[in-house]
Each structure stands twice: as structure tokens, then as C-alpha cells.
1. Go through the range 56-89 and give me each residue that's in contact with a helix residue (DSSP H, G or I) (Cβ under 9 Å, 6 or more places away or on another chain) and part of a loop (DSSP other than H, G, I, E, B).
2. Go through 32, 26, 49 for me and flag whichever is surrounded by fewer than 10 Cβ atoms within 10 Å (Cβ to Cβ), under 30 Å from the mean Cα position of the chain (by Cα) and modelled with pLDDT of 85 or more.
3. Report whether or not residue 17 is surrounded by 10 or more Cβ atoms within 10 Å (Cβ to Cβ), at pLDDT 90 or above and assigned to a helix (DSSP H, G or I).
4. If I filter the range 60-81 down to residues being within 33 Å of the chain's Cα centre (by Cα) and surrounded by fewer than 10 Cβ atoms within 10 Å (Cβ to Cβ), which single residue comes out as modelled with the highest pLDDT?
5. When both residues are 6+ apart or on different chains and their Cβ atoms are under 8 Å apart, which pairs have a first residue that lies in the range 31-49 and is within 30 Å of residue 20 (Cβ to Cβ), and a second that is exposed (fewer than 10 other Cβ atoms within 10 Å of the Cβ)?
């Protein structure tokens, strides 16, 4: 009887491996059924990337304006007032929540 089971053992192991990998291909982390979740994550990351790129461009522009070769007096005054907490008497101050 053990001899008969021994002939089917490789076929059974191969069938179980095929079933396991097939199941993982459908429902695993990168499986076919998780495509909508990955698309939603990709969309969120794309929006976050666009926001970070816009912020980076703004920071690069501000850094360029603060260099010695092209110093912007308005930007320098704005930064110094913000750092020191000073306000011109002719200015209107509008406080916003951070």
C-alpha cells in the first residue's frame, strides 16, 4: 500500500504547490484581486507627489531670491519680520491657524 502512495506523492506535492501559488497570485499582496487597492494607493501617492513637487519649486524659488546675486528686498523684509515678530504700523495683520 505504501508503494502505491509513493507513486502519487510527487504528483500530490506538485498539485499542492500549484494550488498554493495560484491562490497567492489571486489574493496575495500583489495579486490580481488587489488591483483596485493598489490603484487607489497609486492615486493618493500621485497627488502627494504633485503637492511635494509644487512645494519644492516654491522653496527653490525662495532660496534663489535669497542668494547674494539676486537678493529680493521684499522677501528679505518679509522673512526678517516673521523671524523677529515685528510688524510695520501700516500693515494689517491677519492671523490664521497653522
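The values are calculated or read from the model by the stated rules, or taken from the named source; none is laboratory data. This is a predicted model, so every value here is computed, not measured. Here the Cβ positions follow ideal geometry from the backbone for every residue, glycine too, while neighbour counts run over all protein chains shown.
1. Residues satisfying the conditions are 66, 70, 71, 72, 86, 87, 88.
2. Details: 26 fails: surrounded by fewer than 10 Cβ atoms within 10 Å (Cβ to Cβ); 49 fails: surrounded by fewer than 10 Cβ atoms within 10 Å (Cβ to Cβ).
Sole residue among the options that is surrounded by fewer than 10 Cβ atoms within 10 Å (Cβ to Cβ), under 30 Å from the mean Cα position of the chain (by Cα) and modelled with pLDDT of 85 or more: 32.
3. Numbers: surrounded by 10 or more Cβ atoms within 10 Å (Cβ to Cβ): yes; at pLDDT 90 or above: yes; assigned to a helix (DSSP H, G or I): yes.
Taking the combined requirement at face value, the residue satisfies it.
4. 63
5. 38/30
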